[in-house]
Each structure stands twice: as structure tokens, then as C-alpha cells.
Amino acid sequence: MHKRKSFLVAASVASLLSSAVLAQQTELTVYTAVEAVDLQRYADTFQKAHPEIKINWVRDSTGVMTAKLLAEKNNPVADVVWGVAATSLLLLKAEGMLEPYEPKGVENLDPRFVDKDSPPSWTGMDAYVAALCYNTVEGEKLGLTPPKSWKDLTKPEYKGHVVMPNPASSGTGFLDVSGWIQMFGEDDAWTFMDALHENIAAYTHSGSKPCKMAGAGETVIGVSFDFPASNAKEAGGPIDIIFPSEGSGWESEATAIIAGTPNLEAAKTLVDWSVSKEANEMYNGSFAVVAYKGIAKPVPHLPDDIPSKMIDNDLEWAANNRMAIIEEWAKRYDSKSEPKN
């Protein structure tokens, strides 16, 4: 009986302590565009380390998240933006929507992944790098040859066999277009996109979807990025992963605090964790290039030298010209975009 009483007392104390922790939890609303398959891992790990913080996650594609944040400028809902394109965060910064903060350990990050101002308004997590997913089985059936460059995608043999993301709704689509303009120069880039448009079957609203379609044999060439390419190959898709010879545009998933959040200390805790070695090791589970210097290990099916394929990307320029680029793109090519859900 004595033992049972002790057990009941211990259980009651544990229950009270648990209730106390829950009562003291700070709730954060966090907007993210991180792929769902990764988000759960990151969320569970952070929650285990910080049970005092409860996160309400709001997830959508980069373009949708960016538009939502801008629409809420005068009445913010989010406390933190975590895992949204750096160019989107630069747009928010220009609107005065971000709270500058220098997270603990920021000196361990590659400078390309840190806002240039001090203190920085955003910090990067990883890089997603443009890549092509080429279905070898479907290509062989049609007598096609694998492309080696971006310019190859304009060859008549690929007519109707290329799918790429819409830059207005997909961060991947925008990094492609802004990358081409930086690589080729504005006039040549639009000439290239005019020719590419002739071969496009559809523009998707997801950056990973074109690669998934190529892996499933729904298209021959998916313009996508390294992470879904690796996943499609790992899942057994008959694809070659091609990094075009001219170089690859890239973007950083990044994190920032929304100015005026009433939960600033909890927000800082999340941002501190987002730049930690532990978090970056998790990012490396999917991304070959991460912000934390010197820890990246090879990702299955991807080359070890991806950083050498990344163009000298001016994220500030891309952010400042984003709206004009998207407007011009939509005017020319939106007719082939998939319907929005």
C-alpha cells in the first residue's frame, strides 16, 4: 500500500509539473515553405529541445507565403518566418517588416547565407540548387538525347516534354528565371525563355513537382532542384540528375523574426536553433549545401561538388527586381500555367 501511495504521489507531482510546463508554454506562429517531409523532423527535434515553446506551423509554397506575409504587413500573424526564400525575406526587409537579430553562432555560417547588414535581418539554412531531372526510359522511347545545358532545352526535339515551375508561385521557378537573367544578360535571357516556352508542357506551382513528374514518367524533363532530384532517384525513378553546364541558379531557405512580435524571446530561441550545428546537420539530410561551414556530407545521388555549380548569385538584386521579373514573365508565359488549387 505504501508503495502504491508513493507511486500515486510521484505521478501526481509529474502531472503537476507537466501541467506547469504547458501553462508556461509560449506559442509561436511560424510561416514556412520547408518541404513537408523535412518539416516534421525539424519540428519534432526543436520541440524536444524546447518544450517550453509551442509552434503553430503554417506551410505553403514560397510564392504563396511571400504574398501572405506582404498582405498581412499592417496586421502581422506570424512571429517567425522559417524556411522561406532569402529573396522573399529581403522583400520583407525592404518593407520594414523584419526584426534585426544576430543569432548565437552566426559566425559559423558561410557569409553568403547571412544578411549583409549588422545585425542581420535574416540568416540562411541551406541552398537549393537548380537541376534537371531527365527520365531516361521515356527519353529513350522518344529517341531523345539528354540535355547538357540550359540552352539545349530549346531544341525542337524537346517540344512538349519540359515542365518547370511558375516563378510567381514557386521559389524554384524564380531562382531559375533570376539565375538565367544573371547568367545570360536580360535580353538573351528573355530570348532564351521565349524559345523554352515553345517546348514547355506546363508550368507547375511547386518547385519539386516537375522532378516528381519526371520520376513518375509523366514528363521527360523536369526543371527542379537538387533535393527532389535526389529523392526521386532514391525512390527508384529512372532519372539522370543534370546540372547544366552554364551553372545553376540557387536560393537559400532562410529565417527571420517578424518586427513587433510579442514573443520576441521565444522567437530568438527558434532563430538561434535554426543556425545551430544540430539544425544544419538535419538540413544536410536533404540538402548538399548548408549554411554552417565545414559540416556538409554528400547526399545520395548528388555530386560532391555542387557548390562549384552555383552561380555568383546576387540575392539583393534578385529581391529588388522580383516583382518586375514576375510581371514580365506572367505577361509572356502564364498561359501554360497549371490551374491553381
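Helices (runs of 4 or more DSSP H) fully within the stretch 282-341 that include at least 1 residues being crowded, with 19+ Cβ neighbours inside 10 Å and touching a strand residue (DSSP E or B) at 6+ places or on another chain (Cβ under 6 Å): 306-309. Contact annotation: residue pairs with Cβ atoms under 7 Å, 6 or more positions apart or on different chains, pairing a residue in the stretch 195-214 that is under 14 Å from Asp176 (Cβ atoms) and of a type in the set (Phe, Trp, Tyr) with a partner that is at pLDDT 95 or above and surrounded by fewer than 20 Cβ atoms within 10 Å (Cβ to Cβ), are Tyr203/Tyr333; Tyr203/Lys336; Tyr203/Ser337; Tyr203/Glu338.
For the stretch 104-217, which fully contained strands (runs of 3 or more DSSP E) count at least 1 residues that are modelled with pLDDT under 95?
On the way: elements: 123-135, 162-165, 200-204.
Passing ranges, in order: 123-135.
The sole residue among Glu246, Glu251 that is within 30 Å of Ile53 (Cα to Cα), touching a residue at least 12 places away in the same chain (Cβ under 8 Å) and of a type outside the set (Ser, Thr, Tyr) is Glu251. Flag not set for Lys54, criterion: assigned to a loop (DSSP other than H, G, I, E, B) and surrounded by 13 or more Cβ atoms within 10 Å (Cβ to Cβ).
Answer yes or no as to whether Ala267 is small (Gly, Ala, Ser) and either in a helix (DSSP H, G or I) or more than 21 Å from Ala130 (Cα to Cα) (or both). Judged against the criteria, Ala267 is a match.
One residue stands out among those in the stretch 152-192 that are closer than 18 Å to Ala131 by Cβ and among the aliphatic types (A, V, I, L, M): the one that is farthest from the chain's Cα centre (by Cα), which is Leu153. Restricting attention to the stretch 256-277, does a residue exist that is under 19 Å from the mean Cα position of the chain (by Cα), free of Cβ contacts under 8 Å to residues at least 60 places away in the same chain and surrounded by fewer than 23 Cβ atoms within 10 Å (Cβ to Cβ)? No, the conditions are met nowhere in the stretch 256-277. Only a single criterion out of (1) modelled with pLDDT of 95 or more; (2) open to solvent by 40 Å² or more (accessible area, probe 1.4 Å); (3) acidic (Asp, Glu) is not satisfied by Asp60, namely (1).
The residues of the stretch 38-51 that are touching a residue at least 40 places away in the same chain (Cβ under 8 Å) and either open to solvent by 70 Å² or more (accessible area, probe 1.4 Å) or not aromatic (Phe, Trp, Tyr) (or both), listed by number, are Asp38, Leu39, Arg41, Thr45, Ala49, His50.
The residue that is farthest from Met164 (Cα to Cα), among those in the stretch 179-227 that are open to solvent by 10 Å² or more (accessible area, probe 1.4 Å) and of a type in the set (A, V, I, L, M), is Met183.
The values are calculated or read from the model by the stated rules, or taken from the named source; none is laboratory data. Note that the structure is a prediction, hence the values are computed from the model and not measured. No Cβ is skipped: glycine too gets one built from the backbone with ideal geometry, and neighbour counts run over all protein chains shown. Only protein heavy atoms, including side chains, enter the accessible area calculation; ligands, DNA and RNA are left aside. Shrake-Rupley method; radii C 1.70, N 1.55, O 1.52, S 1.80 Å.
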